[in-house]
1. Would you confirm whether or not region 100-123 contains a residue that is in contact (Cβ under 8 Å) with a residue 24 or more places away in the chain, among the β-branched types (Val, Ile, Thr), under 30 Å from Met144 (Cβ atoms) and touching a helix residue (DSSP H, G or I) at 6+ places or on another chain (Cβ under 9 Å)?
2. Does region 102-137 hold any residues that are more than 24 Å from the chain's Cα centre (by Cα) and in a loop (DSSP other than H, G, I, E, B), and which are they?
3. Give the number of residues within region 14-49 that are modelled with pLDDT under 55, open to solvent by 40 Å² or more (accessible area, probe 1.4 Å) and not in a loop (DSSP other than H, G, I, E, B).
4. When you go through Ile184, Ile226 one by one, which is the residue that is touching a residue at least 12 places away in the same chain (Cβ under 8 Å), β-branched (Val, Ile, Thr) and out of contact with any Phe, Trp or Tyr (no Cβ under 6 Å at 6 or more places or on another chain)?
5. Within 30 Å of His193 (Cα to Cα), crowded, with 16+ Cβ neighbours inside 10 Å and modelled with pLDDT of 95 or more: does that describe Leu11?
6. Out of all the residues in region 50-96, which are open to solvent by 50 Å² or more (accessible area, probe 1.4 Å) and among the polar types (S, T, N, Q)?
7. Looking at (1) touching a residue at least 40 places away in the same chain (Cβ under 8 Å); (2) open to solvent by 80 Å² or more (accessible area, probe 1.4 Å), find the lone condition where Asn234 falls short.
Amino acid sequence: MSLIELKSADLVFKIQRERRIKDIIIPGSNRFSKFEHGKEVHALKHINLTVRDGERLAVIGHNGAGKSTLLRLISGIYAPTGGALTVEGRVSGMFEFATGFEMEQNGWDNIYLRGLMLGEKPEEIKKKMLEIADFSELGDFLNMPVKYYSSGMLIRLAFSVSTAINPDILLLDEAMAAGDAAFIQKAQARMNHMMEKSHILILVTHGMQTAVDFCNRCIWLEQGEIVMDGAPDNVTTAYKASTCG
């Protein structure tokens with residue numbers, strides 16, 4: 001049984017900005033900065049949301065509305081600064097592909113370490129290492145320290161590991177590229193398979209048709225708040241009407 005439950009969940013960031021030499025020499029040089037030092041940014045505001053087994057939840061909204069921040073909160077990257085968050089089930093978050101690497105270690109070591117980080121048992125990830133390596137198509141590069149990898153190679157490796165586990169809850173940001181063009185089609189098929197098998201899906205998308213096609217529920221976020229929650233057809237129609245207006 002999988003569950004995501006947020007009760008009046010808040011997430012507040014406090015901006016910490018070091019004073020630059022330029023700011024000392026030229027007073028007022030930083031006056032056009034969007035956020036001042038010490039200012040609080042209320043990224044998510046009083047979110048009440050329950051997602052249960054079988055739900056495919058699309059999250060839509062303008063850039064900066066809090067969509068990806070919501071995924072990071074659910075995945076445990078951020079802790080709520082107010083309210084409560086409950087997550088039951090194994091989570092795979094596919095939006096932070098390029099973080100968490102041990103840059104001095106080779107690809108094989110990073111497959112193992114990343115698998116452990118995602119909750120796999122040592123014996124489980126060892127059984128999957130050859131399949132992960134094959135899917136990544138990195139070949140002999142896996143014997144090389146990942147600090148020498150291109151950004152595309154890092155994403156391939158991270159994607160291959162992240163999608164090799166069988167999550168109860170899949171958090172997906174469609175904006176994350178899966179590498180070069182030749183890899184995208186295979187990656188898309190893998191993601192579709194995961195979406196079918198996971199108990200709960202939360203998909204951040206800018207594609208209104210994607211929300212309708214893949215999901216059975218949709219929320220519209222604006223400035224960190226849920227504006228609307230309902231059937232994807234209804235929510236996307238309302239969102240498009242507001243955008244056009």
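1. Yes - at least one qualifying residue is present in region 100-123.
2. Answer for region 102-137, where residues must be more than 24 Å from the chain's Cα centre (by Cα) and in a loop (DSSP other than H, G, I, E, B): Glu104, Gln105.
3. Within region 14-49, residues that are modelled with pLDDT under 55, open to solvent by 40 Å² or more (accessible area, probe 1.4 Å) and not in a loop (DSSP other than H, G, I, E, B) number 2.
4. None of the other options fit; the residue is Ile226.
5. So Leu11 fails the test.
6. Selection gives Asn63, Thr81, Thr86.
7. Here Asn234 meets the rest and fails (1).
The values are calculated or read from the model by the stated rules, or taken from the named source; none is laboratory data. Given the structure is predicted, the values throughout are model-derived calculations rather than measurements. Here the Cβ is made from the backbone with ideal geometry for all residues, glycine too, and neighbour counts use every protein chain on show. Only protein heavy atoms, including side chains, enter the accessible area calculation; ligands, DNA and RNA are left aside. Shrake-Rupley method; radii C 1.70, N 1.55, O 1.52, S 1.80 Å.
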